[in-house]
Amino acid sequence: MATDISIGRYRGGFCVYWREPGIGNRRRYQLKARTRAEAEAEAIDVFRRKSHREGPHTIADIWELYRADLGDKPTAKTMAYTGKAILPHFGHFRSDHITRELCRSYNEKRQGEGKSQGTVHTELGHLRSALVFAQKTGMIDRAPHIWRPEKPQTDKRILIHEEAAALVEGAHDPHIRLALVLLLGTAARVGAVLDLTWDRVDFERGIINLRLDDSRTRKGRAIVPMNSMTRAALAEAEPAALTDHVIEYAGRPVRSIRKGFINAVQRSGIGHVRIHDLRHTAAVTMLGAGVPMELVSQILGHSNISVTYSIYGRYQPSHMIAGIEHLNFATARSNRP
């Protein structure tokens with residue numbers, strides 16, 4: 001349930017109430033639901049319908065309604081922080097007031113405050129998402145174009161086979177070692193590995209389902225086959241499991257492996273590497289082995305192949321060889337009669 005709206009008791013049933021953004025007036029509506037679970041689902045629908053009916057909407061209105069619609073998804077929490085930067089600059093405007101110049105001035109302001117280009121790119125991305133939501137729900141006729149600075153290219157550390165093996169061997173605790181094996185063997189994000197439960201590990205069919213049915217994350221996740229490495233590690237860990245979660249420690253699910261990962265990196269002696277570089281390593285290793293980009297995209301859980309090309313296209317130079325051979329002008333000159 002979003003923190004912007006609340007469920008209460010009213011006339012023997014349930015009601016939803018909230019305070020209007022920027023005004024403070026309290027709004028309350030009785031619900032038809034007869035259980036708390038039904039009330040929570042109906043409340044968001046009522047909130048959206050009643051709030052969207054009254055316009056024109058400012059960016060601040062749209063921002064808070066979008067956050068409420070996201071519910072308990074991680075993006076809603078993140079937008080509580082990015083909103084502290086976005087709303088003072090854009091909040092009092094309507095969507096039809098947004099221009100390229102306004103976005104550029106925001107960029108200059110934020111970078112002048114010492115914020116990175118990547119941070120500004122993310123903040124304006126949240127603004128764009130909120131406006132797309134407003135268009136889809138009928139709050140505005142058309143979402144304006146949101147200019148953003150280019151997303152900076154980060155340096156990716158791609159581990160060679162020996163370095164990846166050394167990293168796994170450098171893990172002191174079994175749960176850290178298992179997490180590293182899954183990260184490298186499935187190309188998953190760390191959140192997907194930590195969320196993985198045993199009911200989504202199918203030894204008979206040889207698959208690992210990294211997806212969540214409740215869609216708590218907007219990041220794509222895939223259903224991937226086990227390879228011999230992941231199957232062996234999972235088969236060893238499963239009999240000793242004390243919880244439903246695959247990655248556990250002392251009878252509890254693990255929320256972070258950051259400290260264990262850093263220790264494994266130090267013991268391995270492979271130098272600086274980020275945990276997300278394991279996903280990059282898995283993707284680039286597959287491409288280097290000739291795995292088609294379409295299949296790599298599916299394993300990574302990307303929404304479409306263009307996302308995969310934008311990140312990993314430069315790591316697949318082999319498909320350029322046939323074309324680049326035509327540029328061998330030295331050979332062409334030597335073959336002249």
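Can you give me the angle between helix 117-136 and the longest principal axis of the chain, using Cα atoms only, in degrees from 0 to 90, rounded to the nearest 10?
Between helix and principal axis, roughly 50 degrees.
Take His121, project a point 7 Å from its Cα along the Cβ direction, then tell me which residues of the range 263-305 have their backbone nitrogen under 15 Å from it.
Of the residues in the range 263-305, none has backbone N under 15 Å from the label point off His121.
Say the dipole of the range 123-182 comes from +1 at the beta carbon of Lys and Arg and -1 at that of Asp and Glu; which of Ala165, Ala179, Gln135 then lies farthest toward its positive end?
After comparing all options, I get Gln135.
I'd like the trypsin sites (Lys or Arg not before Pro) in the range 88-169 restricted to DSSP loop residues with at most 11 other Cβ atoms within 10 Å, sorted by number. Working shown, then result.
Values: sites: Arg94, Arg100, Arg104, Lys109, Arg110, Lys115, Arg128, Lys136, Arg142, Lys156, Arg157; in loops: Lys115, Arg142, Lys156, Arg157.
Listed in order of number, the matching sites are Arg142.
Calculate, for Asp141 and Ser306, the FRET efficiency according to 1/(1 + (r/R0)^6) with r their C-beta to C-beta distance and R0 35 Å; round to the nearest 0.05. Display every interim value, and only then the final one.
Details: r = 27 Å, r/R0 = 0.78.
Approximately 0.80, to the nearest 0.05.
Quick check: from the Cα gyration tensor, does the range 62-139 come out rounded (a/c under 1.5), prolate or oblate? Show your work: numbers first, answer last.
Working: a/c = 2.22, a/b = 1.31, b/c = 1.69.
Because a/c hits 1.5 or more and a/b fails to exceed b/c, the range 62-139 counts as oblate.
Would you mind telling me the share, in percent, of accessible area of the range 185-247 contributed by carbon and sulfur at probe 1.4 angstrom?
Numbers: 1620 of 3450 Å².
Ligands and nucleic acids excluded, carbon and sulfur reach 47 percent.
Distance check, please: which entries in Lys151/Lys259; Lys109/Lys136; Lys84/Lys136; Lys73/Lys109; Lys109/Lys156; Lys77/Lys109 exceed 26 angstrom between their Cα atoms? Mind showing how you got there, number by number?
Values: Lys151/Lys259 28 Å; Lys109/Lys136 30 Å; Lys84/Lys136 24 Å; Lys73/Lys109 29 Å; Lys109/Lys156 29 Å; Lys77/Lys109 24 Å.
The pairs that break the limit, which is 26 Å between Cα atoms, are Lys151/Lys259; Lys109/Lys136; Lys73/Lys109; Lys109/Lys156.
Less than 15 Å Cβ to Cβ from Trp147, Lys/Arg counted +1 and Asp/Glu -1: what total charge do the surrounding residues give? Don't jump to the answer; show the numbers that get you there.
On the way: positive: Arg100, Arg104, Lys109, Arg110, Arg128, Arg148, Lys151; negative: Glu101, Glu108, Glu123, Glu150.
Charge balance near Trp147 sits at +3.
Just to confirm the filter: which GluC sites (Glu not before Pro) across the range 90-191 are DSSP coil and have at most 12 other Cβ within 10 angstrom of their Cβ? Don't skip to the end; give the middle numbers.
Working: sites: Glu101, Glu108, Glu113, Glu123, Glu150, Glu162, Glu163, Glu169; in loops: Glu113, Glu150.
Counting only loop positions with at most 12 other Cβ atoms within 10 Å, the GluC sites (Glu not before Pro) in the range 90-191 are Glu113, Glu150.
Let me see the P(r) profile for the range 72-185: every Cα-Cα distance counted, bins of 10 Å, each bin given as a percent of all pairs.
Going out from 0 Å in 10 Å bins, the range 72-185 shows 12, 32, 21, 18, 15, 4 percent.
Taking only Cα atoms, what is the 0 to 90° angle, nearest 10, from helix 36-52's long axis to the longest principal axis of the chain?
Long axis of 36-52 versus the principal axis of the chain: about 80 degrees.
Send over a whole-number figure in Å² for the accessible area per residue of the chain, probe 1.4 Å.
58
Quote the charge dipole size of the chain about the Cα centre in Debye, to the nearest 20; the model charges only the Cβ of Lys and Arg (+1) and of Asp and Glu (-1).
Numbers: 50 positive and 36 negative charges, 231 e Å.
With Lys and Arg at +1 and Asp and Glu at -1, about 1120 debye.
Starting from the coordinates of the alpha-carbon atoms of the chain, obtain the Kirkwood hydrodynamic radius over all distinct pairs and give the value in Å to one decimal.
Working: mean 1/r = 0.0422 Å⁻¹.
Its Kirkwood hydrodynamic radius stands at 23.7 Å.
Which distance in Å, rounded to a whole number, links the C-alpha centroids of the range 243-261 and the range 165-212?
11
Can you show me the helix-derived [θ] at 222 nm for the chain, built from DSSP H runs with n ≥ 4 at -39,500 (n - 2.57) apiece and divided by the number of residues, rounded to the nearest 500.
Numbers: 15 runs with 166 residues, N = 337.
Result for the chain: -15000 deg cm²/dmol, rounded to the nearest 500.
Of the chain, which part is the longest with no chymotrypsin sites (Phe, Trp or Tyr not before Pro) in a loop (DSSP not H, G, I, E, B) and with at most 15 other C-beta atoms within 10 angstrom? Could the numbers behind the result be given before it?
Details: sites that count: Phe93, Phe203.
Maximal segment without exposed cleavage sites: 204-337.
The values are calculated or read from the model by the stated rules, or taken from the named source; none is laboratory data. Please read these numbers as outputs of a predicted model, since none were measured by experiment. Every residue, glycine among them, receives a Cβ derived from its backbone with ideal geometry; neighbour counts consider all protein chains shown. SASA here: full protein model, heavy atoms, side chains in, ligands and nucleic acids out. Shrake-Rupley method; radii C 1.70, N 1.55, O 1.52, S 1.80 Å.
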